[in-house]
Amino acid sequence: MGSNIKIGVIGYGYWGPNLVRNFSEIPGAEIKTVSDFKPELLAKVQARYPKINVTTDCRDIYTDPTIDAVVIATPVSTHFDLALSALKAGKHVLVEKPMTVSSEQAMRLIDEAEKRNLVLMVDHTFVYTGAVRKMRDLVVSNALGDIYYYDSVRVNLGLFQHDVNVIWDLAVHDLSIMSYVLQSQPYAVSATGMSHVPGEPENIAYLTLFFESNLMAHIHVNWLAPVKVRRTLIGGSQKMIVFDDLEPSEKLKVYDKGITLNGNTESVYQMLIGYRTGDMWSPQLDMTEALRTEGLHFINCIQKGDRPITDGEAGLRVVRILEAASQSLKQQGRLVELNLAEVAA
């Protein structure tokens, strides 16, 4: 395909402007139309991008035969209907995270895209950051040794959502990173949380994920913290990683620290644990904006017929965990098993 991929964007609220800005600058892409039901938001689009068409009716995007792909940046409850309509109109789809409100909806979108041979991609933005891709490289190359734990804190004061709880809003980031970096899927999840605003969804939650190997993951999310923290620790038998997304330059630090077991003793009670402390290094990271990398990947997948890194299946895996976590949350932390065969599918 020599000509540009023409794109329609639905939703110009919180995340839409970032998507429009990036796709406007990507070679091979051209934004033709932006749709939002708020005229005041469309006025902003017109002021900044006079060549882009605007409409309050997203059906104008579906019915335009020149539009190849649709980017959906709307509340999660609307994702399924909008994405399904786009696929049925023969358009490739990039949908905001979480992909859908249920795994059943996610599977229907995957089937529809497969049937029509269309690209279905989920905007798990963090997967396209230099830091997360470097973490995956370190895990895949076995530089960390056996992975012992994945521990993440994502807290701040603010942006209370009314339609989803804090797990669907914040933990979705960590689950998409974890799924991409660790290369293995949990078999069960336990979640506890609480709402401190009457009638509103949970604003603080703790998730624990269990894996078949000797690995566990813990995610702490909170809308009611006095400070903003975005920190992930990954502990391995050889090395350990600290990923601090708020660090301006050294977002990733790799520590040559760990324990060594001296098992020569007669009895387990005399097992000696030695602590190993070595150097810390901060690897050079690709500082390209994640959305640009992701946008280029989306265009590339459409042109070449490739499968995106964050395809419908990746979106489904995260939604399945979110569903199980919500179920566990309602039952005060009861362990909810995930069907591994389904999750890996």
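The values are calculated or read from the model by the stated rules, or taken from the named source; none is laboratory data. Every value quoted in this text rests on a predicted model; they were computed, and no experiment measured them. Heads up, the Cβs are rebuilt from the backbone with ideal geometry, glycines too, and the neighbour counts pull from every protein chain shown.
Assorted remarks:
- Answer from Tyr275, Tyr255 - the residue that is in the same structural domain as Tyr149 (by TED's automatic domain parsing), farther than 21 Å from Leu175 by Cα, in a strand (DSSP E or B) and at pLDDT 95 or above: Tyr255
- Subset of the range 163-177 (residues that are under 9 Å from the mean Cα position of the chain (by Cα) and farther than 17 Å from Gln327 by Cβ): His173, Asp174, Ser176, Ile177
- Checking each residue in the range 187-214 for being loosely packed, with under 13 Cβ neighbours inside 10 Å and either acidic (Asp, Glu) or not assigned by TED's automatic domain parsing to the domain that holds Ser152 (or both) picks out only Glu212.
- Single condition Tyr149 does not satisfy, out of (1) crowded, with 19+ Cβ neighbours inside 10 Å; (2) under 20 Å from Gly333 (Cα atoms): (1)
- Helices (runs of 4 or more DSSP H) fully within the range 54-141 counting 1 or more residues that are closer than 28 Å to Leu252 by Cα, among the aliphatic types (A, V, I, L, M) and touching a residue at least 12 places away in the same chain (Cβ under 8 Å): 130-140
- Of all residues in the range 30-64 being among the polar types (S, T, N, Q) and surrounded by fewer than 17 Cβ atoms within 10 Å (Cβ to Cβ), the one that is farthest from Lys91 (Cα to Cα): Gln46
- For the range 234-249, taking the residues that are part of a loop (DSSP other than H, G, I, E, B) and in contact with a strand residue (DSSP E or B) (Cβ under 8 Å, 6 or more places away or on another chain), the one that is farthest from Thr288 (Cα to Cα) is identified as Ser237.
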